[in-house]
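Okay, structure first, notes after.
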Amino acid sequence: MRYKACVFDFDLTLADSSEGILKSFKHTLTAFGCPLPDDKTIYDTIGLPLIDAFGILTGVPDEPRRFAMRDEYVRKADEVMVAGTYFYDGVVDGLKALRERGVLVGVCSSKMRYRIEQSFDVKAGCRPVDLIIGLDDAERPKPDPCGLLKCLEGLGVAKKETLYVGDNIIDAKTAQNAGVDFAAVLTGSTTERDFSELPNVAICKELAGLLTNIKCR
């Protein structure tokens with residue numbers, strides 16, 4: 001596969017951040033007096049906007065406290081998220097190698113940009129990317145393509161020159177809405193069968209293997 005730029009989702013694509021996410025959700029739900037769902041139910045909401053996740057986890061669509069819950073989640077995440085985030089084997093070196101081959105590397109995530117930067121700084125000791133677009137940089141959350149399109153603009157690349165990589169159906173729909181190619185990794189909760197129903201150029205078990213197959217256009 002040959003592309004001028006490769007853009008990645010963060011949670012469960014580049015790194016397993018589920019430990020910090022579960023702690024933050026459990027803390028918030030407890031603080032608001034809500035019953036705790038099982039870990040898998042919480043895990044399956046990773047990648048959704050927080051206000052949507054709280055609607056699912058509380059069983060109350062449009063939960064009236066969802067914005068206050070989001071703020072409490074962020075406060076707890078400031079304490080625990082980076083410590084509970086672990087880059088997948090081979091990913092950091094793979095990103096470095098991708099850039100050495102002349103491919104521009106971006107991140108487009110529903111996570112706050114400062115949190116992604118902290119994760120790279122603390123857990124990787126470097127930032128092997130050219131641009132990070134977080135939730136705070138986008139006018140609307142994924143699958144709206146505005147964040148991904150902003151990343152393409154910042155990298156100075158065209159849609160046809162770009163590959164977006166993610167672990168979630170939301171990522172696949174974001175790529176589709178943006179008009180860019182999509183590659184899936186199976187490190188999240190979405191299955192190969194689910195991904196096969198949406199446009200994609202590859203479905204891979206893990207990211208490290210995919211990275212070696214991306215060349216500079």
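Every number here is computed from the coordinates shown, using simple stated rules; none is lab data. Bear in mind that the values here come from a model prediction, so they are computed numbers and not experimental data. Ideal geometry is used to build each Cβ from the backbone, glycine not excepted, and the neighbour counts take in all protein chains shown.
In terms of the mean number of neighbouring beta-carbon atoms within 10 Å, the peptides 62-70, 33-41 order highest first as 62-70, 33-41. Run the reach check for residue 205 against aspartates and glutamates, Cα to Cα strictly under 19 Å, same-chain hits fewer than 8 apart removed. What comes back? The qualifying aspartates and glutamates are 9, 11, 16, 44, 89, 93, 167, 171, 181, 192, 194, 197.
For the residue pairs 150/215; 159/215; 26/150, the C-alpha atoms sit more than 21 angstrom apart in 150/215; 26/150. The slack in the chain from residue 217 to residue 43, taken as 0.36 nm per residue of separation less the alpha-carbon distance, amounts to 59.0 nm. Inter-label distance, residue 70 to residue 83: 2.7 nm, where each label sits 7 Å from its Cα along the C-beta direction. Among 112, 81, the order by Cβ neighbours within 10 angstrom, fewest to most, reads 112, 81. Taking other C-beta atoms within 10 Å as the exposure proxy, 29, 98 rank 29, 98 from fewest upward. Calculated mean residue ellipticity at 222 nm for the chain: -11500 deg cm²/dmol, from DSSP H runs with n ≥ 4 weighted as -39500 (n - 2.57), summed, divided by the residue count and rounded to 500.
Would you please classify the overall shape of region 18-80 from the alpha carbon gyration tensor, given that a ≥ b ≥ c denote the square roots of the eigenvalues, rounded means a/c under 1.5, and beyond that prolate means a/b larger than b/c while oblate covers the rest? Rounded, since a/c falls under 1.5.
Among 50-60, 134-144, sorting by the average number of other beta carbon atoms lying within 10 angstrom of each residue, highest first, gives 50-60, 134-144.
Each of 192, 72 has some number of other Cβ atoms within 10 Å of its Cβ, and from fewest to most they run 192, 72.
Annotation for residue 160 and residue 93: the two label points, set 7 Å from Cα along the Cα-Cβ direction, are 3.6 nm apart.
Taking a straight Cα-Cα cut-off under 15 Å and skipping sequence neighbours fewer than 8 places away in the same chain, the aspartates and glutamates within cross-link reach of residue 96 are 121, 130.
Taking the Cα centre of region 95-189 as reference, the dipole from Cβ charges on Lys and Arg (+1) and Asp and Glu (-1) amounts to some 140 debye. Shape analysis of the chain places it in the prolate category; the axes a ≥ b ≥ c from the Cα gyration tensor give an a/c of at least 1.5, with a/b above b/c. Taking a ≥ b ≥ c as the square roots of the Cα gyration tensor eigenvalues, with a/c under 1.5 meaning rounded and otherwise prolate when a/b beats b/c, else oblate, which class fits region 56-181? Because a/c hits 1.5 or more and a/b fails to exceed b/c, region 56-181 counts as oblate.
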